[in-house]
1. Quick one: accessible area per residue over the chain, 1.4 Å probe, rounded to a whole number of Å²?
2. Tell me which lysines have Cα within less than 18 Å of K60's Cα, excluding those fewer than 8 residues away on the same chain?
3. Out of all Cα-Cα pairs in region 10-56, roughly what percent, to the nearest whole number, are more than 12 Å apart?
4. Of all accessible surface on region 106-165 at a 1.4 Å probe, what whole percent is carbon and sulfur?
5. With +1 assigned to the C-beta of every Lys and Arg and -1 to the C-beta of every Asp and Glu, and no other charges, what is the dipole magnitude of the chain about the Cα centre in debye, to the nearest 20?
6. Have a look at A67, A89, A56 and tell me which one the Gaussian network model of the chain (Cα, springs below 10 Å) gives the largest fluctuation.
7. Please report, largest first and rounded to whole Å, the three semi-axes of the ellipsoid equivalent to region 98-165, where each semi-axis is the square root of five times an eigenvalue of the C-alpha gyration tensor.
8. Modelled label-to-label distance, I151 and Q51, 7 Å Cα→beta-carbon offset: nm?
Amino acid sequence: MGETVQGNLALMYNLQEHLKEISGFAAVTLQPAAGAHGELTGVLIMRAYHQSRGDAKRVKMLIPDSAHGTNPASSGVVGLQIVQIPSDARGNVDLAAIKAQCDDTVVGLMLTNPNTLGLFDENLEEVIKAVHDCGGLVYGDGANMNALLSILRPGDVGIDVMHFN
């Protein structure tokens, strides 16, 4: 059994490095191993980030109505207030609606891109900027990462936390 450990560790390390490259993140972990666990871990990381800065008033998670259904569940399990953001007429996150919710109580945004309508958000960078401008973090639901390959690296556009399915 011991003779296979180094090979397995090498495979896991190489996978981590490849995921870093395709995602544009500074670091990647292979734990947890499932999407729903990844969401929960990501939300916990986002909340812990704010709490570590002494910012306990951040209690809201913004979730577009076009996000995966598990996103509100993951935020709710952690005890965050869920604020649903509507889509605009083209199926994008409504910019005016998200900007109206961005204040100093926002933990972050859970974004699915492409969304559950199968659309790439045309205003992705503006949506991310609005959340970052109020001090929030952006969670990217990585269930649709295959659709982004060679088009966009989430870390490059400001996604802060993401899981991979």
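The values are calculated or read from the model by the stated rules, or taken from the named source; none is laboratory data. Source: prediction; values computed, not measured. Methodologically, a virtual Cβ is constructed for each residue, glycine included, from the backbone with ideal geometry; neighbour enumeration extends over all protein chains shown. Ligands, DNA and RNA are stripped out before the accessible areas are found, and what is left, the full protein with its side chains, is counted by its heavy atoms. Shrake-Rupley method; radii C 1.70, N 1.55, O 1.52, S 1.80 Å.
1. Details: 8530 Å² over 165 residues.
With the other protein chains kept in place, the chain gives 52 Å² per residue.
2. The reachable lysines, counting only those whose Cα sits under 18 Å from K60, are K99, K129.
3. Numbers: 740 of 1081 pairs.
I get 68 percent for the Cα pairs in region 10-56 exceeding 12 Å.
4. Details: 1230 of 2450 Å².
The nonpolar share, carbon plus sulfur, comes to 50 percent.
5. Details: 10 positive and 18 negative charges, 77 e Å.
Dipole magnitude for the chain comes out near 380 debye.
6. A89
7. Numbers: eigenvalues 86, 28, 22 Å².
Output for region 98-165: semi-axes of 21, 12, 11 Å.
8. So the label points at I151 and Q51 sit 3.6 nm apart.
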